[in-house]
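Novice: If you scroll down you'll find the structure; I have some questions about it.
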Amino acid sequence: MSDVTQMNMIQAINSAMDVMMARDPNVVVMGEDVGYFGGVFRATAGLQAKYGKTRAFDTPITEIGIMGVAIGMGAYGLRPVPEIQFADYIYPALDQLVSEAARLRYRSAADFTAPITIRSPYGGGIFGGQTHSQSPEGIFTHVSGMKTVIPSTPYDAKGLLIAAIEDNDPVLFLEPKRIYNGPFHGHYDRPAKTWADHPGAQVPEGHYRVELGKASVVRPGEAVTILCYGTMVHVVANTVEEMGVDAEIVDLRTLVPLDIETIEESVKKTGRCLIVHEATRTSGFGAELSAQVQERCFYHLEAPIERVTGFDTPYPHSLEWAYFPGPVRIGTALKKILKD
Amino acid sequence: MSERDRANLPPLALHVPEPRFRPGDEADFSDIAVPPAGATRRPDTADAASSFHELAYGLVRVLDDGGNAVGPWDPRLDADAKRRMLRSMALTRAFDERMFRAQRQGKTSFYMKSTGEEAVSIGAAMALAGDDMCFPSYRQQGILITRGYPIVTMMNQIYSNKADPLEGRQLPIMYSSKEYGFFSISGNLATQYPQAVGWAMASAAKGDTRISATWCGEGSTAEGDFHSALTFATVYKAPVIFNVVNNQWAISSFSGFAGAEATTFAARAIGYGIAGLRVDGNDALAVYAATEWAAERARTNQGPTLIEHFTYRAEGHSTSDDPTAYRSAGEPNAWPLGDPIRRLKEHLIKLGEWDEERHAAQDLELAELVKREQKEAEKNGILGHGMHQPFESMFEGVFETIPWHLKEQQQQMLDEQKAAGL
């Protein structure tokens, strides 16, 4: 076991790429501002200096090109880790991602594969307006042939990213940028916390994996199961603590493939299920979770499944905190589900 | 400009392109400028792309109307190589005829011929090294045929039968063969363009000697993928050859809907600062020479080349359309650049290396060959007649290992099939 260091999520993500680039000469990172500068969030800082310009490089501003080029590199035998600077910018790459990367193994009967990990910061709470705040995970969980991963701590971010890079299928690795520098309690008007005293910020310096497809019970409880991921794990945990509710909080970590066993076990135990995500509500991933829980746990449910989500509006700028599913909206839903 | 000034202008008018000939019209291509064979200069492969812009507006031609190979672009292939080229083109045409008919006989769902465009893929495939990586579009079956991919395997794919290497998952003709340097074909257009660039960039980053080549139709140069690919390629000087097969028609939309009224497709290269060539796509020797030249540039770190192959799609887009419903039936015969097979044949005859009798005998032999291969392929089944792949295989290969939710759906389907007595 290598030495353990305190890292924020950016440092942990950087460390994952560093470890993988050192271990595997076929791992390359690329994207807009990713090379010399090290990324607008500094996730790739130092990698070009260490591994050279042919393994960590800037790209033209074309997400179609970034994804398409990554697929070609994968076909050659490389293991590309492209960055899409903001998840909001990923839409031009949809065809390359959905119709190409995600389908390549199937359509060629594994003659060609796409061992690509697409990293992209997502989510709001940073006054990013509608083009720097979206949570598009539900678009990608709907696509066959790709995996979707969202970490909530530096430790998980590094272990999951390493597992994603080592995976032989395309993985969308969405990084909750609101918690890059510290776990968010949900109160925008209170001082921000850093990762300093969080156990999830103790990160081994070397190689380790957090298996894809495994959720984590971050708080055991009896009264209600709360399914969440990314930033919302911390907002939920803080809200539950403030309200004194004995909730079981399940951090999904991987949305596809989903850890249905952990979910089922928890909901059958508590008999209640609240789903929390920041993404828009209609056809959001919460709808899939709700359907899965209903199909598997119907006779154990003591109250209707509740969803707390972003609204079906574009992400507003000035009204960001009215949009964000914070402690008030989560608290209201919790009271309702516990009363029923 | 004030509102009053604008009031003096004629109203705006929207230009919607219209092809010159529609069904019932007599096709007349006499206005297409066809420079004489041999007239176009051949720059050194080390020359800067900016020094030969006129080549993007001209037409590289080697075979003249008298069957002679002339000028600086003549690749000076020996007679054996030319006969191999002719044979690959004739085999591709025979294969297309056979498979088109198989679709009409209900043996498969779909087929696409490359009639009239055989030189584009076969000339290129012969000029590339056998291990250079091709990212084709859907009408470059000639590459596989030139590289000696088994005809019966192509047919097995077309029939989606039990010997189909793609396990019945892909539309007919969407071949894939890593072993033969042929990337999995997509039905989505121009997606292969940036992928070819990525492959070429990887090859360069690894200090390899292999290059990549990719093909798309003139219609799909309108896709964003095309432009992203050219940007990436010029930025990193990627060792890639871009081929635009300008066969004049994208299903029923003529090349004007991709911008052909305003400029050539080869001229797209100029804005990106990469080498651009416009080539007589019905002249197999010109295609060979252009590809050889572009490959030399790529292999010596001179970067990408865009080649427009000026050709004509002599038949429908696929088995799903009737070209006489949208274009003049006289177009194929009026096409000023002739038929690629006939032109190479006449050249070989002129050289004294071929004759009509041998040609007729070869056509017969190739027709027999594809018939024989077809019989072999049909032993493995034809589409829609019986189960060629087990039901449960549908869920395999989505991921490297089958996740629980697909296993669950797989089981559900098997239970349903069983309950239904299937």
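Novice: Output the residue which, of all residues in the stretch A:100-144 that are in a helix (DSSP H, G or I) and of a type in the set (A, V, I, L, M, F, W, C), is surrounded by the most Cβ atoms within 10 Å (Cβ to Cβ).
Specialist: So in the stretch A:100-144, the residues in a helix (DSSP H, G or I) come out as A:100-101, A:104-107, A:129-131, A:137-141.
Subsequent filtering for residues that are of a type in the set (A, V, I, L, M, F, W, C) retains A:101, A:104, A:139-140.
Values: A:101: 29, A:104: 26, A:139: 21, A:140: 23.
Selected residue: A:101.
Residue-wise test of (1) surrounded by fewer than 16 Cβ atoms within 10 Å (Cβ to Cβ); (2) over 35 Å from the mean Cα position of the chain (by Cα); (3) in a loop (DSSP other than H, G, I, E, B); (4) not hydroxyl-bearing (Ser, Thr, Tyr).
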{"site": "B:366", "(1), (2), (3), (4)": "no, no, no, yes"}
{"site": "B:371", "(1), (2), (3), (4)": "yes, no, no, yes"}
{"site": "B:375", "(1), (2), (3), (4)": "yes, no, no, yes"}
{"site": "B:384", "(1), (2), (3), (4)": "yes, no, yes, yes"}
{"site": "B:407", "(1), (2), (3), (4)": "yes, yes, no, yes"}
{"site": "B:413", "(1), (2), (3), (4)": "yes, yes, no, yes"}
{"site": "B:417", "(1), (2), (3), (4)": "yes, yes, no, yes"}
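Novice: Can you name the number of the only condition in (1) more than 12 Å from the chain's Cα centre (by Cα); (2) closer than 19 Å to residue B:95 by Cα; (3) facing chain A (nearest Cβ under 10 Å) that residue B:185 fails?
Specialist: With (1) more than 12 Å from the chain's Cα centre (by Cα); (2) closer than 19 Å to residue B:95 by Cα; (3) facing chain A (nearest Cβ under 10 Å) applied to residue B:185, the lone miss is (1).
Novice: If you check every pair at least six apart or on different chains, which have Cβ atoms under 7 Å apart with a residue in the stretch A:245-256 that is closer than 17 Å to residue A:172 by Cα first and a residue that is of a type in the set (Asp, Glu) and modelled with pLDDT of 95 or more second?
Specialist: From the stretch A:245-256, the pairs are A:252/A:259; A:253/A:156; A:255/A:137.
Novice: For residue A:126, indicate whether it is within 30 Å of residue A:316 (Cα to Cα) and in contact (Cβ under 8 Å) with a residue 40 or more places away in the chain. Even if it seems obvious, please write down each step before you answer.
Specialist: Working: within 30 Å of residue A:316 (Cα to Cα): yes; in contact (Cβ under 8 Å) with a residue 40 or more places away in the chain: yes.
Yes, satisfied.
Novice: Identify, please: which residue in the stretch B:227-245 is among the β-branched types (Val, Ile, Thr) and more than 10 Å from chain A (Cβ to nearest Cβ) and is, among those, farthest from residue B:120 (Cα to Cα)? Let's see the steps before the verdict.
Specialist: We begin by selecting, within the stretch B:227-245, every residue among the β-branched types (Val, Ile, Thr); these are B:231, B:234-235, B:240-241, B:244-245.
Retained after the next criterion (residues that are more than 10 Å from chain A (Cβ to nearest Cβ)): B:241, B:244-245.
Numbers: B:241: 13, B:244: 10, B:245: 7 Å.
So, considering only residues that are among the β-branched types (Val, Ile, Thr) and more than 10 Å from chain A (Cβ to nearest Cβ), the one farthest from residue B:120 (Cα to Cα) is B:241.
Novice: State all residues of the stretch B:330-363 that are surrounded by 15 or more Cβ atoms within 10 Å (Cβ to Cβ), of a type in the set (D, E, K, R) and outside any helix (DSSP H, G or I); if no residue qualifies, say none.
Specialist: Answer for the stretch B:330-363, where residues must be surrounded by 15 or more Cβ atoms within 10 Å (Cβ to Cβ), of a type in the set (D, E, K, R) and outside any helix (DSSP H, G or I): B:339, B:353.
Novice: Anything in the stretch A:28-59 that is in a loop (DSSP other than H, G, I, E, B) and without any contact (Cβ under 8 Å) to a residue 12 or more places away in the chain? List them, or say none.
Specialist: The initial filter retains those residues of the stretch A:28-59 that are in a loop (DSSP other than H, G, I, E, B), namely A:32-46, A:52-55, A:59.
Answer for the stretch A:28-59, where residues must be in a loop (DSSP other than H, G, I, E, B) and without any contact (Cβ under 8 Å) to a residue 12 or more places away in the chain: A:38, A:52.
Novice: Could you run through the stretch A:54-86 and say how many residues are out of contact with any Pro (no Cβ under 7 Å at 6 or more places or on another chain), under 21 Å from residue A:38 (Cβ atoms), buried (at least 24 other Cβ atoms within 10 Å of the Cβ) and within 7 Å of chain B (Cβ to nearest Cβ)?
Specialist: Total meeting the criteria: 1.
Novice: Could you grab me the full set of residues in the stretch B:364-398 that are acidic (Asp, Glu) and over 19 Å from residue B:155 (Cβ atoms)? Step through it out loud before you land on a result.
Specialist: Just the residues of the stretch B:364-398 that are acidic (Asp, Glu), to begin with: B:365, B:368, B:373, B:376, B:378, B:392, B:396.
Those that are acidic (Asp, Glu) and over 19 Å from residue B:155 (Cβ atoms): B:392, B:396.
Novice: While we're on this one: Among the residues of the stretch B:216-226, are any surrounded by fewer than 24 Cβ atoms within 10 Å (Cβ to Cβ), on the phi < 0 side of the Ramachandran plot, in a loop (DSSP other than H, G, I, E, B) and within 13 Å of chain A (Cβ to nearest Cβ)?
Specialist: Yes - at least one qualifying residue is present in the stretch B:216-226.
Novice: Ok, one more. Just to check your reading of the model, which residue among B:61, B:20, B:83 is without any contact (Cβ under 8 Å) to a residue 12 or more places away in the chain and of a type in the set (Lys, Arg)?
Specialist: Working: B:61 fails: without any contact (Cβ under 8 Å) to a residue 12 or more places away in the chain; B:83 fails: without any contact (Cβ under 8 Å) to a residue 12 or more places away in the chain.
Residue meeting the stated conditions: B:20.
Novice: Moving to a separate point now. Go through B:109, B:121, B:137 for me and flag whichever is among the hydroxyl-bearing types (Ser, Thr, Tyr), farther than 18 Å from residue B:216 by Cα and at pLDDT 95 or above.
Specialist: Details: B:121 fails: farther than 18 Å from residue B:216 by Cα; B:137 fails: farther than 18 Å from residue B:216 by Cα.
After ruling out the rest, the residue left standing is B:109.
Novice: Now for a separate question. So which residues in the stretch B:110-164 are outside any helix (DSSP H, G or I) and of a type in the set (S, T, N, Q)?
Specialist: Applying the first criterion (outside any helix (DSSP H, G or I)) to the stretch B:110-164 yields B:110-117, B:128-140, B:147-150, B:160-164.
Correct list: B:114, B:115, B:137, B:140, B:160, B:161.
Novice: In this structure, does residue B:192 turn out to be farther than 20 Å from residue B:338 by Cβ, under 19 Å from the mean Cα position of the chain (by Cα) and either within 14 Å of chain A (Cβ to nearest Cβ) or in contact (Cβ under 8 Å) with a residue 24 or more places away in the chain (or both)?
Specialist: Details: farther than 20 Å from residue B:338 by Cβ: yes; under 19 Å from the mean Cα position of the chain (by Cα): yes; either within 14 Å of chain A (Cβ to nearest Cβ) or in contact (Cβ under 8 Å) with a residue 24 or more places away in the chain (or both): yes.
Against the criterion (farther than 20 Å from residue B:338 by Cβ, under 19 Å from the mean Cα position of the chain (by Cα) and either within 14 Å of chain A (Cβ to nearest Cβ) or in contact (Cβ under 8 Å) with a residue 24 or more places away in the chain (or both)), residue B:192 qualifies.
Novice: Also: For the stretch B:279-299, indicate whether the set of residues that are in contact (Cβ under 8 Å) with a residue 12 or more places away in the chain, more than 27 Å from residue B:36 (Cα to Cα) and not hydroxyl-bearing (Ser, Thr, Tyr) is non-empty.
Specialist: If we filter the stretch B:279-299 for residues that are in contact (Cβ under 8 Å) with a residue 12 or more places away in the chain, which is where we start, we get B:279-299.
If we keep only those that are more than 27 Å from residue B:36 (Cα to Cα) too, we end up with B:298-299.
Adding the requirement that they be not hydroxyl-bearing (Ser, Thr, Tyr) leaves B:298-299.
Checked the stretch B:279-299: at least one residue is in contact (Cβ under 8 Å) with a residue 12 or more places away in the chain, more than 27 Å from residue B:36 (Cα to Cα) and not hydroxyl-bearing (Ser, Thr, Tyr).
Novice: Where residues in the stretch A:261-275 are closer than 30 Å to residue A:88 by Cβ and in contact with an Asp or Glu (Cβ under 9 Å, 6 or more places away or on another chain), which of them is farthest from the other protein chains (Cβ to nearest Cβ)?
Specialist: Keep residues of the stretch A:261-275 that are closer than 30 Å to residue A:88 by Cβ, which gives A:263, A:273-275.
Filter once more, keeping what is in contact with an Asp or Glu (Cβ under 9 Å, 6 or more places away or on another chain): A:273-275.
Details: A:273: 18, A:274: 22, A:275: 18 Å.
By that ranking, first place goes to A:274.
Novice: Please determine, by comparing only the residues of the stretch B:60-109 that are of a type in the set (A, V, I, L, M, F, W, C) and in a loop (DSSP other than H, G, I, E, B), which one is farthest from residue B:172 (Cα to Cα).
Specialist: Pass one, the stretch B:60-109, residues of a type in the set (A, V, I, L, M, F, W, C): B:60, B:62-63, B:69-70, B:73, B:77, B:79, B:81, B:85-86, B:89-91, B:94-95, B:99-100, B:102.
Filter once more, so that each one left must be in a loop (DSSP other than H, G, I, E, B): B:62, B:70, B:73, B:77.
Values: B:62: 35, B:70: 39, B:73: 36, B:77: 34 Å.
So the residue we want is B:70.
Novice: Now, a different point. Give the residue, chosen from A:102, A:109, A:93, that is more than 19 Å from residue B:190 (Cα to Cα) and at the interface with chain B (Cβ under 10 Å from one of its Cβ atoms).
Specialist: Of A:102, A:109, A:93, the one residue that is more than 19 Å from residue B:190 (Cα to Cα) and at the interface with chain B (Cβ under 10 Å from one of its Cβ atoms) is A:109.
Novice: Does residue B:306 satisfy the criteria of being within 17 Å of the chain's Cα centre (by Cα) and over 22 Å from residue B:138 (Cα atoms)? Show your work before the answer.
Specialist: Numbers: within 17 Å of the chain's Cα centre (by Cα): yes; over 22 Å from residue B:138 (Cα atoms): no.
In short, no.
Novice: So is residue A:15 among the hydroxyl-bearing types (Ser, Thr, Tyr), more than 13 Å from chain B (Cβ to nearest Cβ) and part of a helix (DSSP H, G or I) or not?
Specialist: yes
Novice: What are the residues in the stretch A:262-284 that are under 21 Å from the mean Cα position of the chain (by Cα), in a loop (DSSP other than H, G, I, E, B) and farther than 16 Å from residue A:236 by Cα, if any?
Specialist: A:280, A:281, A:282, A:283, A:284
Novice: Follow-up question, since we're still on this one. Mind checking which residues of the stretch B:342-387 are farther than 15 Å from residue B:87 by Cβ and touching a Phe, Trp or Tyr at 6+ places or on another chain (Cβ under 8 Å)?
Specialist: Listed by number, the residues that qualify are B:377, B:378, B:380, B:381, B:382, B:383.
The values are calculated or read from the model by the stated rules, or taken from the named source; none is laboratory data. Because the structure is predicted, anything quoted here is derived from the model rather than measured. Cβ: placed from backbone, ideal geometry, glycine included. Neighbour counts: every protein chain shown.
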